[in-house]
Amino acid sequence: MKSILLVTVLVISVLLTSCIPYKDTLYLQNKGKALDSTQVLVEQQKAYRVQINDILNIRVKVLDQDNVSIFNPVGEGNLNASSEERAYFDGFTVDLHGNIRVPTLGTLNVLGFTTEEIEKMIEEKLLEEQFKATANIFITVKLAGLRFTANGEVGNPGTITIFQERVNIFEAIANVGEIPVTGNKKDVLIIRQYPQGQEIHHLDMTDVAVMNSPYYYIQPNDIIYVKPLKQKSLGTGTTAVQTMGTIVSVLGLITTTILLINR
């Protein structure tokens, strides 16, 4: 009888410890010093520098627009119809050497430059080779969407492109179906591309201090990986109700086995 009681207590203890704590399911908890409602969290985002495989959207405006039609794609007037496919065919892809090929200007190396620096680079070359200052050149260079991949414990893993300048980690996760209860919000991995290779960064999304992280805003070609919690592999249930159901089932199995053995 004592052995039965010992096994029962052991099983219940294991199952109860397999529940996912409530605090592990909450975002933006105050884990450090006290924050009042008026405190401002300082953003750490730096200007993005162009990497290999980025697609740039370049537009050239002058007083006589016919003189720069070669720079701008055919459907210029219907920008609202933009899509990932159109951006790929109309944009300028940064090759493995960090170069893009621009009509009449030839090959430009843009690796490691910001979009503002590339605008200035193109403007200077145009003024030097083709136009005068009176042409009132206006250059815009933008990334053709912010493309990233999310894997692991998210609602809809895959690659997605968002057409806006800045996207933080919460917005990125929301666009791939949220992190389920079984996902580890305390250690979300950001695999980021750099000229020297890839690096892995860690974000604790349950801590409000994540908003101060330099990796809070994602960048093009980032890979977001959400690890599963160990409770998922145990398969005991993610809530107290589910775990209690598992306990009842296990106890029933133990009781039935003991009764059959004692007959």
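So here's what we get for this one:
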| item | result |
| --- | --- |
| Three-way shape label, the stretch 112-204, alpha-carbon gyration tensor, a/c 1.5 | prolate |
| Cβ charges +1 (Lys, Arg) and -1 (Asp, Glu), total dipole of the stretch 171-215, debye | 60 debye |
| Relative contact order computed over the stretch 55-143 (Cα-Cα under 8 Å; 6+ residues apart), in percent | 42 percent |
| Cβ-based net charge around Gln193, under 14 Å, with every Lys or Arg adding one and every Asp or Glu removing one | 0 |
| J(HN,Hα) series, the stretch 195-210, from Karplus relation 6.51 cos²θ - 1.76 cosθ + 1.60, nearest Hz, glycine and proline x | x, 8, x, 9, 10, 10, 10, 10, 10, 9, 6, 8, 10, 4, 5, 4 |
| Length gained when the stretch Thr107-Glu124 is fully extended (0.36 nm per residue, less Cα-Cα span) | 4.7 nm |
| Cα→Cβ-extended label distance, 7 Å offset, between Asp66 and Thr140, nm | 2.4 nm |
| Ranked by how many other beta carbons lie within 10 Å on average, peptides 151-162, 212-223 from highest | 212-223, 151-162 |
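Values quoted throughout were computed directly from the atomic coordinates according to the rules given, and no laboratory measurement underlies them. Computed from a predicted model, the values in this text were never measured in an experiment. With ideal geometry, Cβ positions are generated from the backbone for all residues, glycine too; neighbour counts draw on all protein chains shown.
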